[in-house]
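*Asks:* Take this structure first; my questions come after.
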Amino acid sequence: MVHEKQCPSTAPYGRNNNSPGVIIVGAGLAGNRDFIILEKGSQVGGTWNDNVFPGCCCDVLSHLYSYSFEPNPHWSREYPGQEEIREYIIGVAHKWGLYKHVRFNSQVEEARWNERTNKWQVNIKRLGGTEREIAEVYHATADFLISAVGQLSRPRYPDIKGLDTFEGKIMHSARWDWDYDLRNARVGVIGTGATAAQIIPEVAKHAGQLEVFQRTPTYVMPRHDEPISPSRQAMYKYLPFARRRYRAALMDFRESAFEGSFDPTGGKHQMVTTISQNHMLSQLPGPDYAELRRQLSPDYPFSCKRIIVSDDLYPAFTRRNVHLDTRRIAEITSSGVTMQDGTHHALDLLILATGFHANEFLQPIRIIGRNSASLSFIWSKGAFAHLGMTVPALPNFAMLYGPNTNLAYNSEILQIEAQSMYIQRLIRAVLASKTATSTSHAIEEGKKCKKGIAITPKFDVTEEYNEKLQDVLSKSTYANPACTSWFKNENGKIINNWSGSAVDYQKRVCFLDWGDYDVEGEGSEEVQKRGVERWSRIVEETQVDGEWLKIGAAWLGLVVMGGIWQLADGGVGRLIGL
C-alpha cells in the first residue's frame, strides 16, 4: 500500500521549526503564531540596535514614535534617544513573546519561490553563536515571506579617492567604536545630514579640533527638546485620556506639516522656509556669522532633502575648535583629507556620516520569484510595489516599509501598523487555503499536506497605481532637480517617499480589493468571491468637524513651529503637551 506523505510534526515556533507558515526577515520596529523571524543582528531593534553614535536620537516626538497598541507613558524626553528607543523595542518584544520566534545572527542570503509546492525556500547563513559550529548555512521554507529589513540597514561609504589609505581611525556612524578616545583628537566628519547633525555637537565637546566637510547644506528646523517631568509621566500613566490627547495633538501637528513639506507652491511651504531661516538667524546672529550663514544656507527648496531637526547644530559651528569646509575633497591620504585647492587637514579620526543604501531595498538578499524572475531584474529601472507592499511575479510576498512608503514629516510606525493589518489578510487567505497545517494535531486527524494558493498583485494594477503615484510626486519638492537625496534613485525617480499624508495612506490600505490580485490554486475561487474586504483603521488624529480641524491644525502649526508656545511656559503650551 502506498501512503501519501503526511504533514511533518514540528513545533509551531522555535529553533527546530524550519517550515513555518510565515518567515519574517528583520526584527526592527516592523518585525500568527506559526512564524519565525530571521534577524541578522544579535538583538531586536534594527537601526536602533546598530546605531549607537554620540547624540543618536529620533527626529519624531517620542509619544508618536511608539506603537498604538503599546503606548509608553514613561518617555523621559520629548525626543527619545537611541538607548531609550532600543529599551522600548526590547520591552515590547518581551511582553508579546517574540523572542521565542527570533533567530538571531541569521542572515538571509536567498529566497526562491518554488512553483511545485507554492512555498518560499530560504537560504540562511549563521553569523555567530554555537549553532554556527554545527552548520554555517541552513534552509527553511514558508508559505508566506515578509521583508521587514527597513531602509537604514546597510551603511553607505563615500567613493573618495584614497579612503583605504588613511592610517588613522575610520568610523562609519553606524559602526561606532566607543573605545576610541576623542579627547584632544583631530577629528574630521564627512557629511552634514541628519546623522552628522547629531554627531557634530557631541564630538565638538571633546575633540581637540573638528573639521566638518560639507558638500550640500541642509535646512534645519528648531527641535524644542526638553525632559518630560515625572509629574507629566505620572499623568500619562494614570490618565490614559491625557496621553491619547497628547498623541493626537502631535499627530495633528505633524499632519499639518505635510503641505508645507510637499507642495512647493503653497503658502505653508514659504512659512516653514521662513521658520528655518529665522532659526539660523537666531542662533548665528549678526555680521560675525554672515559667512557661516552663507555656507549653511541651501540653494534649493525646503524639503527637497531630508530636513534636520536640531537646536545644537548651529551653535556647534561657533566653537573655536570647529571649522566648516565647503570645498570639494580631492582625496584622502594616509594622514588626512586634501581639498581640491591643495589645503590639507591632518586628522587622527575620520567619521563617515554618509548615510545608508536607503533606496536599494532588500539588498544584498537575492529574491527569485515566479519563472525565475529576480527582484533585481524586476526593479532594474527603480523599485516599485503595489501599495508599497506587494510585487508582481513574487507570490505570497510582502514588504513593510517598502518603496514609496517613507514619510518625510511623520512617524513611520503609522505606516507599518497600517501595512501589518493589510498583510495579515493576505497571510490568512494563504494559510486558510491549506486543509491541513504542519502540526501534530493534523497528523492525529490523518490529514494530508495540501498545496496552498498563490497570491500575486496584477502587473497592470500595480503599474497604474505607480503611474498615478509618480505623477503626484513629480510635482512635489522631493522631485526638484536642484538637489540629490536618498528619496530618489540615480535616475531621479522618487522611490522612497509616499505622495500624501499618513492619514491618506492609512485610508488607502484599510481595505483589500481581491480584484487587484491574481489568486491561483485550489480554493482561489472562494478568495476571489470576497470582493473587497474592509476593516477599521487605527485613528490617531483628532476627530472633529473638518473646518474646525483645519483651523485647529493651522493654529497648532503656528504655535509650535513659530515658537509662540515658549511664551506660554506652563500655560497653554503645556496644556496641549507641547
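*Asks:* Of the beta bridges DSSP finds with both residues in the chain, what % are antiparallel, to the nearest 5?
*Replies:* Values: 34 of 70 bridges.
Percentage antiparallel, nearest 5: 50.
*Asks:* Any idea how far the Cα center of region 351-407 sits from the one of region 81-159, in Å?
*Replies:* Comparing the Cα centres of region 351-407 and region 81-159, I get a distance of 16 Å.
*Asks:* Using mean Cβ contacts within 10 Å as the protection proxy, how do 265-277, 347-359, 73-85 order, highest first?
*Replies:* On the way: 265-277: 15.8, 347-359: 22.0, 73-85: 18.2.
Answer by packing, highest mean first, reads 347-359, 73-85, 265-277.
*Asks:* Sum -39500 (n - 2.57) across every DSSP H segment of at least 4 residues in the chain, then divide by the residue count to get the 222 nm mean residue ellipticity, nearest 500. Write out the running numbers ahead of the final one.
*Replies:* Numbers: 17 runs with 170 residues, N = 578.
Rounded to the nearest 500, the figure is -8500 deg cm²/dmol.
*Asks:* Classify region 267-397 from the C-alpha gyration tensor, please: rounded if a/c falls under 1.5, else prolate or oblate depending on whether a/b exceeds b/c.
*Replies:* Values: a/c = 3.45, a/b = 1.67, b/c = 2.07.
It is oblate, given that a/c is not under 1.5 and a/b is not larger than b/c.
*Asks:* Ordered by residue, what ³J(HN,Hα) values in Hz, to whole numbers, does region 226-231 give under the Karplus form 6.51 cos²θ - 1.76 cosθ + 1.60, where θ = phi - 60° and Gly and Pro are x?
*Replies:* 3J(HN,Hα) across region 226-231, in whole Hz: 6, x, 9, 5, x, 5.
*Asks:* Going through region 312-399, which trypsin sites (Lys or Arg not before Pro) have at most 15 other Cβ atoms within 10 Å and a DSSP loop state? Write out the running numbers ahead of the final one.
*Replies:* Details: sites: Arg319, Arg320, Arg327, Arg328, Arg366, Arg370, Lys381; in loops: Arg319, Arg320, Arg327, Arg328, Lys381.
Answer by residue number: Arg319, Arg320, Arg327, Arg328, Lys381.
*Asks:* Report which label in (1) 25.3, 95; (2) 35.7, 125; (3) 24.3, 78 holds the value of Rg and Dmax of the Cα atoms in Å derived from the coordinates of this structure.
*Replies:* Here the calculated entry is (1).
*Asks:* Extension gain Arg183-Thr165, at 0.36 nm per residue separation less the Cα-Cα distance, in nm?
*Replies:* Contour length minus the Cα-Cα distance gives 4.1 nm.
*Asks:* Hey, another quick one. Only loop residues by DSSP count here, and only those with at most 10 other Cβ atoms within 10 Å; note down the GluC sites (Glu not before Pro) in region 169-265 that meet that. List each step's numbers first, then the result.
*Replies:* Numbers: sites: Glu202, Glu211, Glu255, Glu259; in loops: none.
For GluC sites (Glu not before Pro) across region 169-265 that sit outside H, G, I, E and B with at most 10 neighbouring Cβ atoms in 10 Å, the list is empty.
*Asks:* Moving to a separate point now. When Ser303, Ser256 are ordered from fewest to most other Cβ atoms inside 10 Å of their Cβ, what list results? Mind dumping the intermediate values first?
*Replies:* On the way: Ser303 28, Ser256 24.
Lowest count first: Ser256, Ser303.
*Asks:* For region 329-479, what Kirkwood radius comes out of the mean inverse Cα-Cα distance, in Å? Could you put the intermediate results ahead of the total?
*Replies:* Values: mean 1/r = 0.0509 Å⁻¹.
For region 329-479, inverting the mean 1/r across all distinct Cα pairs yields 19.6 Å.
*Asks:* Further, regarding this structure: In which sequence would Met235, Met251 go, from the one with the fewest C-beta neighbours within 10 Å to the one with the most?
*Replies:* Values: Met235 17, Met251 22.
With the sparsest Cβ surroundings first, the list reads Met235, Met251.
*Asks:* Based on the Cβ-Cβ distance of Arg294 and Asn18, what FRET efficiency does E = 1/(1 + (r/R0)^6) give at R0 = 51 Å, to the nearest 0.05?
*Replies:* Details: r = 60 Å, r/R0 = 1.18.
Computed FRET efficiency for Arg294 and Asn18 comes out at 0.25.
*Asks:* Between His94 and Glu115, what is 0.36 nm times their sequence separation minus the Cα-Cα distance? Round to one decimal in nm.
*Replies:* Using 0.36 nm per residue and subtracting the Cα-Cα distance, I get 3.9 nm.
*Asks:* Still on this structure: Any idea which of Ser376, Pro20, His357 is furthest toward the positive side of the dipole for the chain, if Lys and Arg beta-carbons carry +1 and Asp and Glu beta-carbons -1?
*Replies:* Positive-most Cα among the choices belongs to Pro20.
*Asks:* Would region 477-549 count as rounded, prolate or oblate if I go by the C-alpha gyration tensor, calling it rounded below 1.5 in a/c and otherwise prolate when a/b exceeds b/c, oblate otherwise? The partial results should precede the final answer.
*Replies:* On the way: a/c = 4.25, a/b = 1.32, b/c = 3.22.
Note, shape of region 477-549 comes out oblate.
*Asks:* Next question, about the same structure. Which of the aspartates and glutamates could be linked to Lys381 by a straight reach, that is with a Cα gap under 20 Å, when you skip same-chain ones fewer than 8 residues away?
*Replies:* Output for Lys381: Glu360, Asp460, Glu463, Glu464, Glu467, Asp471, Glu490.
*Asks:* Among Cys56, Cys483, Cys304, what is the fewest-to-most ranking by other Cβ atoms within 10 Å?
*Replies:* Numbers: Cys56 21, Cys483 18, Cys304 25.
Lowest to highest Cβ neighbour count: Cys483, Cys56, Cys304.
*Asks:* Further, regarding this structure: So what's the net charge close to His357: Lys and Arg +1, Asp and Glu -1, counting the other residues with Cβ under 10 Å from its Cβ?
*Replies:* Overall, the nearby charge balance is +1.
*Asks:* Now, a different point. If a/c stays under 1.5 just call it rounded; otherwise compare a/b with b/c (prolate if a/b is bigger, oblate if not). Do that for region 168-290, with a ≥ b ≥ c from the square roots of the Cα gyration tensor eigenvalues.
*Replies:* Values: a/c = 2.26, a/b = 1.35, b/c = 1.68.
Cα axes put region 168-290 in the oblate bin.
*Asks:* Rounded to the nearest Å, what's the spacing between the alpha carbon centres of region 325-343 and region 31-64? Just the number, please.
*Replies:* Centre-to-centre (Cα) distance: 36 Å.
*Asks:* Here's something else I'd like to know. Pull up the cross-link candidates among the lysines for Lys450, meaning alpha carbon to alpha carbon under 25 Å and not fewer than 8 places away within one chain.
*Replies:* Correct list for Lys450: Lys5, Lys119, Lys434, Lys458, Lys529.
*Asks:* A follow-up question, please. I need the calculated FRET efficiency for the pair Arg366 and Glu533, taking r as the beta carbon distance and R₀ as 41 Å, to the nearest 0.05. Don't jump to the answer; show the numbers that get you there.
*Replies:* On the way: r = 32 Å, r/R0 = 0.79.
The calculated FRET efficiency here is 0.80.
*Asks:* While we're on this one: Testing the spin-label approximation: label points 7 Å from Cα along Cα→Cβ at Met421 and Glu522. State their distance in nm.
*Replies:* Taking the simple label geometry, Met421 and Glu522 are separated by 3.5 nm.
*Asks:* Give the aspartates and glutamates whose C-alpha is closer than 12 Å to that of Lys100, dropping any in the same chain fewer than 8 places away, or say none.
*Replies:* Cα-Cα hits under 12 Å: Asp34.
*Asks:* Test of the criteria: in region 287-394, which GluC sites (Glu not before Pro) are in a DSSP loop and have at most 15 other Cβ atoms within 10 angstrom of their Cβ? Present the calculation step by step, with values, prior to reporting the outcome.
*Replies:* Values: sites: Glu291, Glu331, Glu360; in loops: Glu360.
Passing both the DSSP loop test and the Cβ count: no residue.
*Asks:* Now, a different point. Among 509-522, 491-504, how do they line up from the highest to the lowest mean number of other beta-carbon atoms within 10 Å? Don't jump to the answer; show the numbers that get you there.
*Replies:* Working: 509-522: 16.6, 491-504: 19.7.
In decreasing order of mean packing, 509-522, 491-504 become 491-504, 509-522.
*Asks:* Using packing as a proxy for protection, rank 388-400, 37-49 so that the peptide with the highest average count of other Cβ atoms within 10 Å comes first.
*Replies:* On the way: 388-400: 25.1, 37-49: 21.1.
Per-residue Cβ counts within 10 Å, averaged per peptide and sorted highest first, yield 388-400, 37-49.
*Asks:* With +1 assigned to the C-beta of every Lys and Arg and -1 to the C-beta of every Asp and Glu, and no other charges, what is the dipole magnitude of the chain about the Cα centre in debye, to the nearest 20? Walk me through the intermediate numbers first.
*Replies:* Details: 64 positive and 65 negative charges, 154 e Å.
Here the size comes out at about 740 debye.
*Asks:* Run the numbers for Thr343 and Glu136: contour at 0.36 nm per residue of separation, minus the present Cα-Cα distance, in nm. Before the final figure, lay out each step's value.
*Replies:* Working: separation 207, 0.36 × 207 = 74.52 nm, distance 4.87 nm.
My answer for the length gained is 69.6 nm.
*Asks:* Add +1 for every Lys or Arg and -1 for every Asp or Glu among the other residues with Cβ under 14 Å from the Cβ of Tyr478, and state the total.
*Replies:* So the environment of Tyr478 carries a net charge of +2.
Every number in this text was worked out from the coordinates using simple rules, so none of it is lab data. Since the model is a prediction, treat every value here as computed from it, not as a measurement. Neighbour counts are summed over all protein chains in view; Cβ atoms, including those assigned to glycine, are modelled from backbone coordinates with ideal geometry.
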